[in-house]
Every structure is written in C-alpha cells, then in structure tokens.
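Participant: Take a look at the following structure, please.
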Amino acid sequence: MRKVAAALSRRVGPVAIGYAATASPRISDVVAATPGRVAVASWLLAPGLFHRAVARSGADVVAAPIGAHPRVVEAVLLRYYEARRFQDVA
C-alpha cells in the first residue's frame, strides 16, 4: 500500500492511507483529518460491508469497487492456473 500511495502521490499530490477493516488508521479518521475535498480510491473488489464503511467515511468522492476489471480477472485466473499446475505435479 505504501508503494502505491507513494507512486500516486507523485502524480496527484499528497496521498494518505486509511483502512476499512481492523487496521489503523481508520479511513474515516484519515478523511476527518484531511483538509479540503477528499477522494477515496478503493481497492475493494466488490460492494459489501467494507465498501459501505468506505462510502460512509465522509469523503467527497468514493470510487466504486474494482469489480470484474479484466486485469483483476487475469490475475485471479493466473493464480488459479499456477495452483492447479502445482497440484497436478504434487
């Protein structure tokens, strides 16, 4: 997360990391402590409990879950095929 935040901050300005689940800082605390308009770019895959927490964080803009983006699907399938290949050998 830190590497991605650093890369994004080089393009758009300061980026803070917040979490929707058990890690800290909580996303709502980060949003509350950030002056001005706040946009949240979420790495969640699907709507649900965690996305609702992000949506209720108080941010001005919240990205939708990544969902079935082709690159996500490709990464999941690659992991699946790698696991099957290992299982077939073992």
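Participant: With r defined as the distance between the Cβ atoms of Val61 and Ala32 and R0 fixed at 25 Å, what FRET efficiency is calculated, to the nearest 0.05?
Facilitator: It comes out at approximately 0.95.
Participant: So, one more: Give, as a single signed number, the net charge of other residues whose beta carbon lies under 13 Å from the beta carbon of Ala41, with Lys and Arg counted +1 and Asp and Glu -1.
Facilitator: Residues near Ala41 contribute 0 overall.
Participant: Which distance in nm do the two modelled labels at Thr22 and Val73 give, with both placed 7 Å along the Cα-to-Cβ direction?
Facilitator: Each label point is offset 7 Å from its Cα along the Cβ direction, giving 3.3 nm.
Participant: Give the angle, between 0 and 90 degrees and rounded to the nearest 10, that separates the Cα long axis of helix 2-12 from the longest principal axis of the Cα atoms of the chain.
Facilitator: 60
Participant: Here's another thing I want to ask about it. Roughly what would the spin-label model give for Arg10 and Ala39, points 7 Å off Cα along C-beta, in nm?
Facilitator: The answer from the label model is 1.9 nm.
Participant: Given +1 on the Cβ of Lys and Arg, -1 on the Cβ of Asp and Glu, and no further charges, what dipole in debye does the chain carry about its Cα centre, rounded to the nearest 20?
Facilitator: Here the size comes out at about 160 debye.
Participant: For the chain, just list the percent of Cα-Cα distances falling in each 5 Å bin from zero outward, please.
Facilitator: In whole percents, the pair-distance histogram is 3, 12, 18, 19, 17, 11, 8, 6, 3, 2, 1, 0.
Participant: Send over the semi-axes of segment 27-66's equivalent ellipsoid, whole angstrom and largest first, taken as the square roots of 5 times the C-alpha gyration tensor eigenvalues.
Facilitator: For segment 27-66, the ellipsoid semi-axes come out as 18, 10, 7 Å.
Participant: Remind me, relative contact order of the chain in percent, using alpha carbon pairs under 8 angstrom and six or more residues apart?
Facilitator: Reported relative contact order: 20 percent.
Participant: Turning to a different aspect of this structure: So what is the calculated 222 nm ellipticity per residue for the chain, using -39500 (n - 2.57) for each DSSP H run with n of 4 or more, over all residues, to the nearest 500 deg cm²/dmol?
Facilitator: The helix contribution divided over the chain gives -15000 deg cm²/dmol.
Participant: Related question: Could you tell me which of Val61, Thr34, Val73 has its Cα farthest along the dipole of the chain towards the positive end, charges placed at Cβ (Lys, Arg +1; Asp, Glu -1), taken about the Cα centre?
Facilitator: Final value for the positive-end residue is Thr34.
Each value in this text was obtained by applying a stated rule to the coordinates, not by laboratory testing. This is a predicted model, so every value here is computed, not measured. Note that we place each Cβ from the backbone using ideal geometry, even for glycine, and neighbour counts take in every protein chain shown.
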